[in-house]
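Structure first, then comments.
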Amino acid sequence: MKKNTQNRISRRSLFRNTAAAAALGPLFKATQGSVSAQSRVNRNSAPSGLKITDMRACRVAANYDYPIIKIFTNQDVYGLGEVRDAGVEGIALILKPYLVGKDPLTIEANLRGLRQFANHGRMGGGYSAVDMALHDIAGKVYGVPAYRLVGSKQRDRIRIYADTTDHKDPKIYAERMRKRKEMGLTFFKMDLHTELVADRPGAVNERGVATEKGLGYLCEYIEAIRDVIGWGTPLAADHFGPLNVKDAIRYAKAFEQYQLSWAEDMVPWTNWQGLKEIRNTTTTPILTGEDVFGLRGGFDALIDNHAVDAIHPDIETSGGLLETKRIADYAALAGVQVAMHHAGSPVGGFAGYHCAATFSNFLAMENHALDMPWWQDLVAGVPKPIVDKGYVAVPERPGLGIELNDDVVKEHLRRPGYFEPTPMFDDPIVSGFHPGGAWPHFDENGKWCNCVSYQ
Ligand SMILES: [Mg+2]
């Protein structure tokens, strides 16, 4: 009897499901498709026993030094990450005792524990490097490119922008930019130091800030470069020297006729009120952010207050892939665009390319090493040239999609040692606090227990 009831229910539910499937049609098929797609994900390397075992580093001597880290696991999968250019690897290695023994795939929980050790500028480099390495590991384990872990692909290649060294002679400066154009670049930036004109009579005031006459001289450089790259080609400007808000407004208004893509870091990023005042007074777009870590307490004030037209995170400071994706998405809601700063190695570069591939509000990402032929030789696994006619292809290989070219990296080490053991970082050296530790306390009987916390 029971069996018959079951059979009847089965037949009824089968009929219902078939009828529903017929009614829903394409949706039913799509759902079935996604279930079978999930079953194709390779999870062979994702057992619960996957653990972080070690973190090591080396430092490449380059235009700015590139501190590169490796996070190792107990199952021969490792991840690569990079600390902010001109930073040092110690800012990542001090995080090692908080990671060893943890599951590298629980990326958000691991990063939450490290957030107290991250801050703006180079102090964001350790957290950011760990984020990259964890995404490299997770991508390799799940068999997906790193961009898949933070979003979906909005573009197959990343537009690159670059500047060049400046020169007091506008013609020579413009010729240097012509060489950038001949490399195939489609987006340019120029340093516009006020010092370029400081030795001309009447060009700067007592604070070294350009007078009206000096601004006219600075505009000669923009004009010379515009004549070379074209008046409709994206061109940004940076490094004006220390300016106050009123100075910045004068500069930005003088540049309006050249329709710059942005004027960068005119006043310090912490002064969002000043940036907002500048932005509200000029048509020149205003951008900042290369030294900002994180959304909360970092980019949020710039975005919430509409203080800038575009933000400029450097993924080696801003918090790696996960946090930078959050920042970019939050900016998109406010209509703020995202350009990306970068002056590091291809390791941090590819972390940025994966992340930028998912942005809806992306402009371009910097490359600061176009004059260093061995920059792209530091890594293998991706098509060369990495920057091809001004764009980088987003890899489809698992993780970041790159391996280090050990021989080339070893040729350019700042100091001897290549991913040597780091036992000096086994114990906490900046903070021993952890909840639930055996700290000195009164026990339930009111007796003072002077426990040794590190045992
Ligand atoms: Mg800059």
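Conditions (1) within 16 Å of the ligand (Cβ to nearest atom); (2) among the polar types (S, T, N, Q), marked per residue:
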position	(1), (2)
252	yes, no
266	yes, no
272	no, no
281	no, yes
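For every residue, the table says whether it meets (1) part of a strand (DSSP E or B); (2) in contact (Cβ under 8 Å) with a residue 40 or more places away in the chain; (3) closer than 27 Å to residue 371 by Cβ.
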residue: 283; (1), (2), (3): no, no, no
residue: 291; (1), (2), (3): no, yes, yes
residue: 302; (1), (2), (3): no, no, no
residue: 335; (1), (2), (3): no, no, no
residue: 339; (1), (2), (3): yes, yes, yes
residue: 347; (1), (2), (3): no, yes, yes
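Examine the range 224-233 for a residue that is within 16 Å of the ligand (Cβ to nearest atom) and either free of Cβ contacts under 8 Å to residues at least 60 places away in the same chain or in the same structural domain as residue 164 (by TED's automatic domain parsing) (or both), and state whether such a residue exists.
At the first step, the residues of the range 224-233 found to be within 16 Å of the ligand (Cβ to nearest atom) are none.
No, there is no match, as no residue in the range 224-233 is within 16 Å of the ligand (Cβ to nearest atom) and either free of Cβ contacts under 8 Å to residues at least 60 places away in the same chain or in the same structural domain as residue 164 (by TED's automatic domain parsing) (or both).
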*under 19 Å from residue 269 (Cα atoms) and either touching a residue at least 24 places away in the same chain (Cβ under 8 Å) or crowded, with 22+ Cβ neighbours inside 10 Å (or both): does that describe residue 380?*
no
_Checking residue 358 against (1) polar (S, T, N, Q); (2) assigned to a loop (DSSP other than H, G, I, E, B); (3) farther than 15 Å from residue 157 by Cβ, the condition it does not meet_ = (3)
*The listed residue being in a loop (DSSP other than H, G, I, E, B), within 16 Å of the ligand (Cβ to nearest atom) and surrounded by fewer than 18 Cβ atoms within 10 Å (Cβ to Cβ), out of 242, 201*: 242
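Take residue 92 and decide whether it is in contact (Cβ under 8 Å) with a residue 24 or more places away in the chain, in the same structural domain as residue 142 (by TED's automatic domain parsing) and among the aliphatic types (A, V, I, L, M).
Details: in contact (Cβ under 8 Å) with a residue 24 or more places away in the chain: yes; in the same structural domain as residue 142 (by TED's automatic domain parsing): yes; among the aliphatic types (A, V, I, L, M): yes.
Against the criterion (in contact (Cβ under 8 Å) with a residue 24 or more places away in the chain, in the same structural domain as residue 142 (by TED's automatic domain parsing) and among the aliphatic types (A, V, I, L, M)), residue 92 qualifies.
Yes or no: residue 361 free of Cβ contacts under 8 Å to residues at least 60 places away in the same chain, under 22 Å from the mean Cα position of the chain (by Cα) and under 30 Å from residue 336 (Cβ atoms)?
yes
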*Can you pull out the residues in the range 162-198 that are surrounded by 14 or more Cβ atoms within 10 Å (Cβ to Cβ), part of a loop (DSSP other than H, G, I, E, B) and of a type in the set (Ser, Thr, Tyr)?*
164, 186
*Tell me which residues, restricted to the range 268-324, are among the β-branched types (Val, Ile, Thr) and surrounded by fewer than 21 Cβ atoms within 10 Å (Cβ to Cβ).*
270, 281, 282, 283
*Every pair of residues 6+ apart whose Cβ atoms lie under 6 Å, when the first sits in the range 424-440 and is over 27 Å from residue 56 (Cα atoms) while the second is part of a loop (DSSP other than H, G, I, E, B) and at pLDDT 65 or above*: 438/451; 440/450; 440/451
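With surrounded by 17 or more Cβ atoms within 10 Å (Cβ to Cβ), touching a Lys or Arg at 6+ places or on another chain (Cβ under 8 Å), of a type outside the set (Asp, Glu) and part of a loop (DSSP other than H, G, I, E, B) as the only criterion, which of 101, 87 stands out?
Values: 101 fails: surrounded by 17 or more Cβ atoms within 10 Å (Cβ to Cβ).
The conditions single out 87.
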_The lone exception for residue 221 - which of (1) closer than 23 Å to residue 388 by Cα; (2) of a type outside the set (D, E, K, R); (3) out of contact with any Gly (no Cβ under 8 Å at 6 or more places or on another chain) it fails_ = (1)
*Considering (1) surrounded by 15 or more Cβ atoms within 10 Å (Cβ to Cβ); (2) over 20 Å from residue 387 (Cβ atoms), say which one residue 229 fails and leave the rest.*
(2)
_Would you confirm, using the coordinates I've provided, whether residue 314 is within 16 Å of the ligand (Cβ to nearest atom) and of a type in the set (D, E, K, R)?_
yes
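The values are calculated or read from the model by the stated rules, or taken from the named source; none is laboratory data. For clarity, every value in this text was computed on a predicted model and none was experimentally measured. All Cβ positions, glycine included, derive from the backbone under ideal geometry; neighbour counts span all protein chains shown.
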